[in-house]
Protein chains: 2
Amino acid sequence: MSAENTYTAKTDTAAPARAGRPTDERKTEAIIDAAREAFFGEGYSAASIERIAEHAGVSKVTIYKRFGDKAGLLEALVRRQAQNMTTAIGDANRAAETIEAKLVNFGFTLMSFLFDESHFHFDSMLIIERERQPEAAQRFFDAGPGTMRRELTAILAAAHKRGDVAIAKPQRAAEDLLSLWKGFADMELRFGVAEKPSPAQIKNHVRHGVEVFLRAYRAD
Amino acid sequence: MSAENTYTAKTDTAAPARAGRPTDERKTEAIIDAAREAFFGEGYSAASIERIAEHAGVSKVTIYKRFGDKAGLLEALVRRQAQNMTTAIGDANRAAETIEAKLVNFGFTLMSFLFDESHFHFDSMLIIERERQPEAAQRFFDAGPGTMRRELTAILAAAHKRGDVAIAKPQRAAEDLLSLWKGFADMELRFGVAEKPSPAQIKNHVRHGVEVFLRAYRAD
DNA sequence: TCATTTGTGAACGTCAACGTTTAGTATTAT
DNA sequence: ATAATACTAAACGTTGACGTTCACAAATGA
């Protein structure tokens with residue numbers, strides 16, 4: 001929150017300029033990574049801080065010093081995850097010629113991120129655990145799915161204004177398209193292989209979704 | 001497995017015709033109901049057998065006598081849930097005039113079931129917990145989503161043959177429609193109210209999904 | 001009535017995890 | 001060198017949950 005950090009080009013810890021031994025930022029990363037894997041894979045309750053510490057190559061006390069308790073660790077992870085998502089979506093909103101290309105672009109970046117981060121487990125976990133951490137969950141959904149929906153809604157509304165599509169209710173249409181994309185992933189996860197699909201497969205999924213969507217919403 | 005049960009019209013326990021005190025079948029129901037609520041609401045690990053017993057108005061020992069252990073209880077619940085789902089889908093596949101009415105019919109029954117049973121929590125839980133109970137999860141997915149997909153695929157293929165729609169790959173189209181339906185529910189769950197939507201709202205959701213779907217797949 | 005089975009309540013042993021404390025080591029600025 | 005901070009390993013107290021055991025009550029057929 002305050003502005004007392006200094007930055008270097010690399011991941012190297014910047015000089016803290018004061019006090020004793022500097023905190024090793026890579027440890028924080030390692031902890032969050034291990035927490036992600038644990039929380040994603042086993043769910044919040046089943047995941048144990050002891051195993052997270054071991055897997056991160058870090059003492060248990062370090063985790064408590066930095067994150068307070070288990071809930072605090074979850075909260076930090078949620079915050080990080082939402083932030084990752086936001087930047088990924090920012091990247092996705094780059095220029096493209098046709099509305100079709102724009103949508104494929106957006107969808108591909110989004111779906112790649114979701115698959116890459118095993119995001120569905122996270123989703124699942126948060127839905128269950130949101131009674132325990134309502135604010136964190138809310139913040140995540142706002143930053144994640146909420147932003148996606150807003151961005152996509154804006155894209156569709158603009159396309160409608162240009163006459164590329166015929167969309168009376170852009171938010172609902174955005175939900176439709178998101179559903180088509182996400183549905184693929186759900187099916188994949190339930191029936192299919194647990195391995196994450198190749199970029200080519202993801203692109204096919206996304207393309208198909210856009211195709212169906214545009215057949216339904218194409219301006220005549 | 002064996003055929004030594006006798007049946008009456010009601011939920012009343014049939015006469016066991018042998019031995020000492022008859023098992024109270026309503027207790028089994030109460031246990032499964034409580035387990036459903038607990039597993040749905042908190043996830044497998046967080047749910048405690050002690051609380052389930054208390055909530056079911058039953059001794060803890062009774063649960064262990066009937067289900068062996070916690071995993072056994074989950075397995076029984078999964079079995080029951082899959083069976084409920086199958087019968088619900090059977091009901092959904094009744095006759096209707098137009099393809100549109102058929103699809104709305106199917107979707108409405110399906111979505112009503114999903115919402116009514118807070119099925120998404122269950123889904124979420126199973127995805128996380130399937131490492132612990134792969135066979136049970138597989139059986140559930142086959143009986144639930146798998147059956148849905150098969151049934152819907154058949155309906156769409158038949159409609160294609162009659163020339164009502166233009167669908168080259170019926171299974172993919174079925175996934176599209178299921179995605180559109182389920183996506184609504186997901187959004188609802190993430191952003192919206194936690195309360196379950198009214199039948200009218202569900203019907204609106206389903207109708208909209210069918211509408212979009214048919215605009216995309218309508219035979220010209 | 002008696003044998004048989006279901007079910008209860010309370011207590012028990014065990015274990016895993018949370019979160020804390022302590023004593024000591026590592027790494028930095030002064 | 002010294003003070004200050006980060007970090008570790010190991011032990012600790014506590015809690016909650018799993019699953020079991022035991023003595024006893026309840027419900028039924030013979």
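The values are calculated or read from the model by the stated rules, or taken from the named source; none is laboratory data. Please read all numbers here as calculations on a predicted model, not as lab measurements. All Cβ positions, even for glycine, are placed from backbone atoms using ideal geometry, and neighbour counts span all protein chains on display.
Structure notes:
- Any hit, segment B:157-165, residues being under 17 Å from the mean Cα position of the chain (by Cα) and of a type outside the set (A, V, I, L, M, F, W, C): no
- A:Asp91 within 11 Å of DNA strand C (Cβ to nearest atom), more than 18 Å from A:Arg139 (Cα to Cα), loosely packed, with under 14 Cβ neighbours inside 10 Å and not basic (Lys, Arg): no
Yes/no per residue for (1) at pLDDT below 95; (2) crowded, with 20+ Cβ neighbours inside 10 Å:
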{"residue": "B:His121", "(1), (2)": "yes, yes"}
{"residue": "B:Leu126", "(1), (2)": "yes, yes"}
{"residue": "B:Glu135", "(1), (2)": "yes, no"}
{"residue": "B:Gly144", "(1), (2)": "yes, yes"}
{"residue": "B:Asp186", "(1), (2)": "yes, yes"}
{"residue": "B:Arg190", "(1), (2)": "yes, yes"}
{"residue": "B:Ala200", "(1), (2)": "no, no"}
{"residue": "B:Arg207", "(1), (2)": "no, no"}
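- For segment A:67-85, the set of residues classified as among the charged types (D, E, K, R) and without any contact (Cβ under 8 Å) to a residue 40 or more places away in the chain consists of A:Asp69, A:Lys70, listed by residue number.
- Any chance B:Gly183 is farther than 23 Å from B:Gly90 by Cβ and touching a Gly at 6+ places or on another chain (Cβ under 7 Å): yes
- Scanning segment A:38-54 for residues that are within 13 Å of another protein chain (Cβ to nearest Cβ) and not hydroxyl-bearing (Ser, Thr, Tyr), we see that the one that is nearest to A:Leu74 (Cα to Cα) is A:Phe39.
- Subset of segment B:35-54 (residues that are free of Cβ contacts under 8 Å to residues at least 24 places away in the same chain and part of a helix (DSSP H, G or I)): B:Glu37, B:Ala38, B:Glu42, B:Glu50, B:Arg51, B:Ile52, B:Ala53, B:Glu54
- Filter result for A:Phe106 (within 17 Å of the chain's Cα centre (by Cα) and either within 10 Å of DNA strand C (Cβ to nearest atom) or modelled with pLDDT of 80 or more (or both)): yes
- B:Arg26 within 14 Å of DNA strand C (Cβ to nearest atom), part of a helix (DSSP H, G or I), surrounded by fewer than 16 Cβ atoms within 10 Å (Cβ to Cβ) and more than 15 Å from the chain's Cα centre (by Cα): yes
- Answer residue from segment A:55-78, given it is assigned to a loop (DSSP other than H, G, I, E, B) and within 12 Å of DNA strand C (Cβ to nearest atom) and is farthest from the other protein chains (Cβ to nearest Cβ) among those: A:Ser59
- Test: residue in segment A:46-54 that is within 11 Å of DNA strand D (Cβ to nearest atom), modelled with pLDDT of 95 or more and crowded, with 19+ Cβ neighbours inside 10 Å: yes
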